[in-house]
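The values are calculated or read from the model by the stated rules, or taken from the named source; none is laboratory data. Everything numeric in this text was worked out from a predicted model, so none of it was measured. Neighbour counts run over all protein chains shown; Cβ positions are idealised from the backbone, glycine included.
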Amino acid sequence: MNNFDFIIIGGGSAGCVLADKLSACGNYQICLLEAGPKDKHWSIHMPLGVIELMKDKVLNWQFNSEPETTQNNRQIFNPRGRVLGGSSSVNAMLYTRGQKEDYDHWAALGNDGWSFDEVLPYFKSTQHQERGESDFHGVNGALNVADSRSKPSAHDSFISSAQQAGFPLNNDFNGKHQEGVGYYQVTQINGQRCSAAKAFLTPNLHRSNLTVITDAHVQNIIIDNNKDKIATGVCYKNKGKCYNIFAKKEVLLSAGAFNSPQLLMLSGIGPKAELAKHDITLVHDLTGVGQNLQDHPDTVVVTHHNRTDLLAIRPKAAWWLFKQALQYFQQKRSGILTSAVAESGGFIKSKPSLSRPDLQLHFIPTAFDDHGRDLKMLLNYGISLHTCLLRPKSRGSVTLYGNNANLHPKITLNMLDHEDDQKTMIQAVKIARSILSQPPLSEANGREIFPGEHTQSDEEILEFLKNKANTIYHPVGTCKMGNDELAVVDNQLKVHGIKNLRVIDASIMPTLISGNTNAPTIMIAAKIAEDILAEPT
């Protein structure tokens, strides 16, 4: 079969939701294409497997940026899911939505229908909140949202120390107010990961009108390049052979903030000069494709810590870990193997005069470096406090290395380019140190591993940031929604200048939301699926 009503490119958070919603009515034939394999690997479903997933070259695209001139020419690691469920199958499972003002800002930019009050119903309808229904939470959705079953006592100490530093306690970052510190809720069910695939796709694979093709690496979108410029299908490669399939109604591009702009450009849609550079025939000159890249710049303060119930490669920690593991296998899936690693954290202000939080905290009960890939750090008993900037002003881009879809996208993050971002991130390091210096954490702290005691002045901290700051894996904005000169899609996520083609994923966010991006991406897909189904047949 090579004819469908809708073809969805990308089996990640957005693609899984679209496949569910569009196939549920039974009126359409749906095809979902995913470049990676099925989500069978143990490391996906056991939450602590997220550590292994950082290094996995099959399930993770493992993108790296260009040498970043704003960060001493370092290449920044950008992990993205390459498996059914996409990044929801490899992330840390934290469920956050951002702030009301984020979405109201989208609407103020001219994107009708995207204010917080208008998107809240889609957050609620996609969620099953184990705590129960409320004004901000739903219980009838497929995405299970739960309290963590793993709460090592170091997290309680962090929350107490953050309160000692002057930050309020908050039991629900997705309630009326986001500000404060506490425990995150996680996308888990019965102590296992609840990815977008597990929630929205796997239960529906029996539907006769839903075709899912894995290991299908899309080469380009087929455009009927006549006067109307209509997307008619997709060319994908499977086991070395190329196949063409066709969409009677629409092609829905949900490949993420790096791959979606790449595929548009490979299909002849994008900045004229960039396409000409790689001998790609221009179909439609769309300046904003790949521009406006945003991500949360993140820094981490790490210190030695004198306790043994931590993630470490040390004898007493190994014994603690073994006993915790027994809770997972012998009891009802609890203990450290259900850990999202960063169970606690919060949203705080870098200065009291601000109207809303501009920093996010992630506390980790281990000594942490290089995205958790540096195992030598685990030889230490240590704790780490991440702080990321929620609304950076720096902007990067996604371009091409060539006209071959097998090449990775060319990513330039350009983090810390804006002076205001630099100033706030310097303050973030100071705040993290302040929290770690408060009891009860301070009572067990040893020497600071980094930035290190020699790093004190603003100039020294900035140099540390250039040498060490990374992203927290929330890229957005490269196919932004709007009507300005950089806009790629309209408020229904239809690509400007091309018929029957939409982009539906985090790349459409005009500005980065103030939190983790998985839940908002699911919301985006649910909202647009409803729009699609409401259109005349």
| field | Residues being among the polar types (S, T, N, Q) and under 25 Å from A257 (Cβ atoms) - total across region 405-441 | value | 5
| request: Determine the pairs where a residue that is closer than 16 Å to A273 by Cβ, located within region 392-413, has a partner that is aromatic (F, W, Y) and surrounded by 15 or more Cβ atoms within 10 Å (Cβ to Cβ) with Cβ atoms under 9 Å apart, the partner being 6 or more residues away or on another chain. | output: V398/F258
| Could we say that Q291 is in contact (Cβ under 8 Å) with a residue 12 or more places away in the chain and either outside the structural domain of S507 (by TED's automatic domain parsing) or under 30 Å from I426 (Cα atoms) (or both) here? | yes
| If you go through region 456-513 one residue at a time, how many are basic (K, R) and more than 30 Å from H386 (Cα to Cα)? | 3
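Are there strands (runs of 3 or more DSSP E) fully within region 339-436 with at least 1 residues that are over 27 Å from G270 (Cβ atoms) and not charged (D, E, K, R)? List them.
Numbers: elements: 344-348, 359-364, 382-389, 397-399, 410-412.
Here the list reads 344-348, 359-364, 382-389.
Check I44, I51, I30 and return the single one that is of a type in the set (V, I, T) and in contact with a Phe, Trp or Tyr (Cβ under 7 Å, 6 or more places away or on another chain). Give the steps one after another, and end with the answer.
Details: I44 fails: in contact with a Phe, Trp or Tyr (Cβ under 7 Å, 6 or more places away or on another chain); I51 fails: in contact with a Phe, Trp or Tyr (Cβ under 7 Å, 6 or more places away or on another chain).
The unique qualifying residue is I30.
Tell me yes or no: at least one residue of region 64-71 is in a loop (DSSP other than H, G, I, E, B), assigned by TED's automatic domain parsing to the domain that holds A340, out of contact with any Leu (no Cβ under 6 Å at 6 or more places or on another chain) and modelled with pLDDT of 95 or more. Steps first, answer last, please.
Filtering region 64-71 down to residues in a loop (DSSP other than H, G, I, E, B) leaves 65-67.
This time we only want the ones that are assigned by TED's automatic domain parsing to the domain that holds A340, so: 65-67.
From the residues that got through so far, the ones that are out of contact with any Leu (no Cβ under 6 Å at 6 or more places or on another chain) too are 66-67.
Going one step further and asking which of them are modelled with pLDDT of 95 or more, we end up with 66-67.
For region 64-71, residues in a loop (DSSP other than H, G, I, E, B), assigned by TED's automatic domain parsing to the domain that holds A340, out of contact with any Leu (no Cβ under 6 Å at 6 or more places or on another chain) and modelled with pLDDT of 95 or more: present.
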| task | Output the qualifying pairs, or none if there are none: Cβ atoms under 8 angstrom, residues six or more apart or on different chains, first residue in region 298-315 and in the same structural domain as F347 (by TED's automatic domain parsing), second residue among the charged types (D, E, K, R) and in a strand (DSSP E or B). | result | V301/E448; V302/E448; T303/R447; T303/E448; H304/R447; H304/E448
| query | If you scan region 503-523, which residues turn out to be surrounded by 24 or more Cβ atoms within 10 Å (Cβ to Cβ), β-branched (V, I, T) and under 23 Å from K393 (Cα atoms)? | reply | I508, I513, T517, T521
| query | How many of the residues in region 258-285 are crowded, with 24+ Cβ neighbours inside 10 Å and either in a loop (DSSP other than H, G, I, E, B) or among the acidic types (D, E) (or both)? | reply | 1
| request: For region 165-257, please list each of the strands (runs of 3 or more DSSP E) lying entirely inside it that holds at least 2 residues being touching a residue at least 60 places away in the same chain (Cβ under 8 Å) and farther than 27 Å from H474 by Cα. | output: 210-213, 230-238, 241-253
| Checking F258 against (1) aromatic (F, W, Y); (2) farther than 30 Å from N467 by Cα; (3) in contact with a helix residue (DSSP H, G or I) (Cβ under 9 Å, 6 or more places away or on another chain), the condition it does not meet | (2)
| message | For region 377-400, give me the residue count where each residue is closer than 17 Å to K468 by Cβ, of a type in the set (A, V, I, L, M) and at pLDDT 95 or above. | response | 2
| task | Could you figure out which of (1) within 22 Å of E530 (Cβ to Cβ); (2) within 22 Å of the chain's Cα centre (by Cα); (3) surrounded by fewer than 22 Cβ atoms within 10 Å (Cβ to Cβ) isn't true of M54? | result | (1)
| query | Which pairs do you get when a residue that is more than 19 Å from P451 (Cβ to Cβ), found in region 348-371, comes within reach of a residue that is of a type in the set (V, I, T) and not in a loop (DSSP other than H, G, I, E, B), reach meaning Cβ atoms under 6 angstrom, with the pair 6+ apart or on two chains? | reply | P357/I348; P365/I383
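Tell me whether region 93-106 contains one or more residues that are out of contact with any Pro (no Cβ under 9 Å at 6 or more places or on another chain), free of Cβ contacts under 8 Å to residues at least 40 places away in the same chain and either buried (at least 17 other Cβ atoms within 10 Å of the Cβ) or in a helix (DSSP H, G or I) (or both).
So in region 93-106, the residues out of contact with any Pro (no Cβ under 9 Å at 6 or more places or on another chain) come out as 94-95, 100-101, 104.
So of that shortlist, the ones also free of Cβ contacts under 8 Å to residues at least 40 places away in the same chain come out as 100, 104.
Now narrow it down to the ones that are either buried (at least 17 other Cβ atoms within 10 Å of the Cβ) or in a helix (DSSP H, G or I) (or both): 100, 104.
Yes, region 93-106 contains at least one residue that is out of contact with any Pro (no Cβ under 9 Å at 6 or more places or on another chain), free of Cβ contacts under 8 Å to residues at least 40 places away in the same chain and either buried (at least 17 other Cβ atoms within 10 Å of the Cβ) or in a helix (DSSP H, G or I) (or both).
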| query | Which condition number in (1) touching a helix residue (DSSP H, G or I) at 6+ places or on another chain (Cβ under 7 Å); (2) in contact (Cβ under 8 Å) with a residue 60 or more places away in the chain; (3) buried (at least 22 other Cβ atoms within 10 Å of the Cβ) is the one that L493 fails? | reply | (2)
| request: Exactly one condition in (1) in the same structural domain as L264 (by TED's automatic domain parsing); (2) touching a strand residue (DSSP E or B) at 6+ places or on another chain (Cβ under 7 Å) is not met by A519; state its number. | output: (2)
| message | For A317, only one of the following conditions fails: (1) within 28 Å of N380 (Cα to Cα); (2) surrounded by 15 or more Cβ atoms within 10 Å (Cβ to Cβ); (3) in contact with a strand residue (DSSP E or B) (Cβ under 9 Å, 6 or more places away or on another chain). What is its number? | response | (3)
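Does K351 fit the bill of being at pLDDT 90 or above and basic (K, R)?
Working: at pLDDT 90 or above: yes; basic (K, R): yes.
Against the criterion (at pLDDT 90 or above and basic (K, R)), K351 qualifies.
Could you check how many residues of region 115-139 are assigned to a loop (DSSP other than H, G, I, E, B) and among the basic types (K, R)?
Just the residues of region 115-139 that are assigned to a loop (DSSP other than H, G, I, E, B), to begin with: 115, 126, 130-139.
From what is left, the residues that are among the basic types (K, R) are 131.
Residues that pass the stated criteria total 1.
Could you tell me which of the residues N483, N500, N467 is more than 29 Å from H177 (Cβ to Cβ), assigned by TED's automatic domain parsing to the domain that holds D421, touching a residue at least 40 places away in the same chain (Cβ under 8 Å) and surrounded by fewer than 23 Cβ atoms within 10 Å (Cβ to Cβ)? Full working, then the answer.
Working: N483 fails: assigned by TED's automatic domain parsing to the domain that holds D421; N500 fails: assigned by TED's automatic domain parsing to the domain that holds D421.
After ruling out the rest, the residue left standing is N467.
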| note | Scanning region 382-431 for residues that are in contact with a strand residue (DSSP E or B) (Cβ under 7 Å, 6 or more places away or on another chain), small (G, A, S) and surrounded by fewer than 24 Cβ atoms within 10 Å (Cβ to Cβ), the one farthest from F368 (Cα to Cα) turns out to be A405
| field | Hits in region 437-464 - residues which are farther than 24 Å from T69 by Cα, without any contact (Cβ under 8 Å) to a residue 60 or more places away in the chain and in a helix (DSSP H, G or I) | value | E443
